[in-house]
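The block underneath contains the structure these notes are about, expressed in structure tokens.
Here, each number is a calculation from the coordinates, and none is a lab measurement. What you are looking at is a predicted structure, and each value in this text was computed from that prediction instead of being measured. Heads up, the Cβs are rebuilt from the backbone with ideal geometry, glycines too, and the neighbour counts pull from every protein chain shown.
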Amino acid sequence: MLYESEHGEMTLKIRLRELMDEKSKRQGRAITQAEVARAVGVDSGTLSRYANGYVAGFKNDILERLMDYFQVEPGDILVREREDDRTKSEHPSPAISNPSRTACLL
């Protein structure tokens with residue numbers, strides 16, 4: 001999702017892959033998308049779309065279950081990033097796509 005701010009063009013980034021990597025390191029084993037999907041109660045296709053940035057928004061209950069699973073706050077899952085930083089990044093995280101359909105998190 002792109003928008004203008006006082007810092008230039010910004011995008012909303014989903015940090016699901018980073019959170020999975022962090023949890024994998026803490027637990028000393030690979031955390032799979034299928035495992036996260038089962039734990040959170042969504043199908044693996046849905047979780048894959050989240051990880052790849054193909055989401056129109058999160059339902060509050062899914063966001064809460066992701067926060068519980070990863071033991072984080074909403075700002076640890078969704079972060080704002082300058083678009084030029086994202087394009088410079090070696091492995092950019094996916095941004096929420098289709099801003100016309102992006103839901104507000106309340």
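Peptides 45-58, 63-76 ranked from most to least packed, by the mean per-residue count of other Cβ atoms within 10 Å: 45-58, 63-76. Residues of segment 30-67 with an amide N closer than 17 Å to a point placed 7 Å from the Cα of V79 along the Cα-to-Cβ direction: 51-53, 67.
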